[in-house]
Amino acid sequence: MREHVVFSDDGTRIGAWRTDVDGPDVLLSPGLGAAPTAWPVLRVARVHGWRHRGTPGSHRPADPARIGLRDHVADAVAVLDAGGVERCVVVGWAMGVTVAAALALRHPDRVSGLMLVAGAPGDPFAGVLGLPGVPEDVRRLVGVASAKALRRVGPLLGAVLHRVPAPGGPWPVVESLRRFLEHDWVWYFTLALALGSAPRLDLTGVTCPTTVLAGRYDWLAAPDSVVGPVAGLPQARVRVLPNTHFLPLEAPGVVVDELVLLLDRAAAVDRAVDRALEEARGPAAGRGAPDLLTSRSRPRA
């Protein structure tokens, strides 16, 4: 994995990374504060990712208010630009799902496929306590109140968790835990509350191939909050698995297989669009025929 630095549109220095693989590009919108090792190894694609603002490896913005959804999307675009990636499959996990979905809506020309894992596209706190019969308003209230309470005791959390010895070993889950314990917990929950205030996104405008993976026993992102927003999309593939919120760590083989399938679906759609454009332009070449309007050219505010 190669570490590098990108600068977002507000000048914030963002720690980014990419894998050294000869294959199609994939952008990973990570779970909040999650280390790259929390995601399964993908040997058939070059994965690009970044570390959230103010978390270990990235700087805090000069303006502390610049931690909303728009800012995270700008960081994602900066990573794509720095990697020379014009268009690719985008994967979101947990709160990273909100960023991935917003990127697909606001920059559809940059997203050829979308994979949403164990997270809702916006309003993430409405998905906590995924018990049958618990209204979303109650879930949201509990989620926001819990995050605020944890932010208040952030210094105590840091004093305790920074001294907790992570178990030894080279396994990805151990490295992920070790990195996670390093967070400034006041800042972490400040980020969570800011990103968590984003409203539920209307994904109607998403026309690229989409895959959604939900954990049946996920108490942080209830399956209905994960699956519901994509139910009507024309190219959505949905799986509810017997896992929790940490689905990428619990079922890495399934995640990798689904991502490979999504890469194939996205490539097939792109080939079909290219053929359609060629056929439409062929007989009218030189006569000023307009380009077809495709999912690559429908940005959304």
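The values are calculated or read from the model by the stated rules, or taken from the named source; none is laboratory data. Every value quoted in this text rests on a predicted model; they were computed, and no experiment measured them. We place every Cβ from the backbone using ideal geometry, glycine too, and count neighbours over all the protein chains shown.
Considering every residue within the stretch 14-27, establish whether at least one is part of a loop (DSSP other than H, G, I, E, B), crowded, with 22+ Cβ neighbours inside 10 Å and either of a type outside the set (Gly, Ala, Ser) or under 16 Å from the mean Cα position of the chain (by Cα) (or both). Scanning the stretch 14-27, I find no residue that is part of a loop (DSSP other than H, G, I, E, B), crowded, with 22+ Cβ neighbours inside 10 Å and either of a type outside the set (Gly, Ala, Ser) or under 16 Å from the mean Cα position of the chain (by Cα) (or both), so the answer is no.
So which residues in the stretch 12-33 are touching a helix residue (DSSP H, G or I) at 6+ places or on another chain (Cβ under 7 Å) and farther than 16 Å from Val89 by Cα? Listed by number, the residues that qualify are Ile14, Ala16, Trp17, Gly31, Leu32, Gly33.
Here are Val26, Val47, Val85, Val97: which of them is closer than 15 Å to Gly196 by Cα and of a type in the set (Val, Ile, Thr)?
Unique residue meeting the criteria: Val97.
Quick check: anything in the stretch 241-253 part of a strand (DSSP E or B) and more than 16 Å from the chain's Cα centre (by Cα)?
Scanning the stretch 241-253, I find at least one residue that is part of a strand (DSSP E or B) and more than 16 Å from the chain's Cα centre (by Cα), so the answer is yes.
If you check Asp75 against the conditions, is it buried (at least 22 other Cβ atoms within 10 Å of the Cβ) and modelled with pLDDT of 95 or more?
Working: buried (at least 22 other Cβ atoms within 10 Å of the Cβ): yes; modelled with pLDDT of 95 or more: yes.
Criteria met by Asp75.
Condition check ((1) outside any helix (DSSP H, G or I); (2) farther than 25 Å from Trp187 by Cβ) across all residues:
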residue	(1), (2)
His59	yes, no
Ala62	yes, no
Ala78	no, no
Val85	yes, yes
Leu114	yes, yes
Ala120	yes, no
Val134	yes, yes
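Within the stretch 29-42, residues that are touching a residue at least 60 places away in the same chain (Cβ under 8 Å) have Cβ atoms under 6 Å from residues that are buried (at least 20 other Cβ atoms within 10 Å of the Cβ) and among the β-branched types (Val, Ile, Thr) in these pairs: Ser29/Val99; Gly33/Thr55; Pro40/Val255, counting only partners at least 6 apart in sequence or on another chain. Is the stretch 212-222 home to any residue that is at pLDDT 95 or above and over 22 Å from Val138 (Cβ atoms)? Yes - at least one qualifying residue is present in the stretch 212-222. Does the stretch 33-54 include one or more residues that are within 30 Å of Pro223 (Cβ to Cβ), of a type in the set (S, T, N, Q) and surrounded by fewer than 24 Cβ atoms within 10 Å (Cβ to Cβ)? Yes: the stretch 33-54 contains one or more residues that are within 30 Å of Pro223 (Cβ to Cβ), of a type in the set (S, T, N, Q) and surrounded by fewer than 24 Cβ atoms within 10 Å (Cβ to Cβ).
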